[in-house]
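**Student:** Quick one: structure below, then a few questions.
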Amino acid sequence: TMTMMTVIVPTTDHAPRVVDVQAFIDAERVSPLQKRLLFLCFLVIAIDGFDTAIVGFIAPAVRAEWGLGVAQLGPLFASGLFGLMLGAFAVGPLADRYGRKSMLVASMVVFGVASLASSFSSGLASLIVLRFLTGLGLGGAMPMTITLASEFCPKARRSSLVTLMFCGFT
């Protein structure tokens with residue numbers, strides 16, 4: 001994690017200088033880059049919250065359009081939430097290996113493609129699969145945004161800034 005990260009900076013006197021990155025972040029004010037990162041993470045979390053809530057609003061239209069019973073919509077709701085859970089568990093270890101930013105981008109691509117494809121779904125089975133894939137992408141993005149925001153925030157303001165960023169979900 002960033003709290004234990006140090007960077008060795010070459011110097012002209014042949015003795016490398018060690019820089020504690022977290023100490024550097026803690027000593028400075030919140031920069032425009034950090035604010036931009038928090039805002040982008042806020043947007044990712046806001047999309048996640050919107051996606052989670054929107055299924056409840058579209059369910060009556062889907063039910064009427066495809067002539068479904070109420071009980072048939074259960075798997076539709078569950079598939080997205082199950083995907084969220086699996087995505088959150090699976091992407092963390094992958095992020096340790098491939099990097100948080102790249103896994104966040106990959107998660108958002110999965111979410112975006114599956115979400116767009118959902119609008120072209122022709123039946124309940126395909127919509128359930130696409131909602132699961134959408135959940136996988138969003139579930140993978142959520143822990144990445146929290147971790148990235150935590151790593152880039154000064155320790156003294158970390159909890160309040162991450163909490164503010166996570167307010168995007170509601």
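**Student:** Determine whether the range 114-126 contains at least one residue that is over 16 Å from VAL44 (Cβ atoms), among the polar types (S, T, N, Q), at pLDDT 90 or above and in a helix (DSSP H, G or I).
**Tutor:** Scanning the range 114-126, I find at least one residue that is over 16 Å from VAL44 (Cβ atoms), among the polar types (S, T, N, Q), at pLDDT 90 or above and in a helix (DSSP H, G or I), so the answer is yes.
**Student:** Only one residue in ALA71, ALA78, ALA27, ALA59 is over 16 Å from the mean Cα position of the chain (by Cα), of a type outside the set (D, E, K, R) and more than 26 Å from SER118 (Cβ to Cβ), so which one is that?
**Tutor:** ALA27
**Student:** Taking the range 86-119 only, how many residues are of a type in the set (Val, Ile, Thr) and either open to solvent by less than 30 Å² (accessible area, probe 1.4 Å) or closer than 22 Å to THR163 by Cβ (or both)?
**Tutor:** The total comes to 1.
**Student:** Then there is this: Being open to solvent by 70 Å² or more (accessible area, probe 1.4 Å) and free of Cβ contacts under 8 Å to residues at least 12 places away in the same chain is the filter here; which residues of the range 59-83 pass it?
**Tutor:** Scanning the range 59-83 gives PRO60, ARG63, ALA64, GLU65, VAL70, ALA71.
**Student:** If THR6 satisfies every condition in (1) modelled with pLDDT of 70 or more; (2) more than 16 Å from MET144 (Cβ to Cβ) but one, which is the exception?
**Tutor:** All conditions pass for THR6, except number (1).
**Student:** Any residue in the range 120-129 that is closer than 27 Å to ALA61 by Cβ, of a type in the set (A, V, I, L, M) and open to solvent by 50 Å² or more (accessible area, probe 1.4 Å)?
**Tutor:** yes
The values are calculated or read from the model by the stated rules, or taken from the named source; none is laboratory data. Everything numeric in this text was worked out from a predicted model, so none of it was measured. Virtual Cβ from ideal backbone geometry, glycine too; neighbours counted across all protein chains shown. Surface accessibility is based on the protein's heavy atoms, side chains included, excluding ligands, DNA and RNA. Shrake-Rupley method; radii C 1.70, N 1.55, O 1.52, S 1.80 Å.
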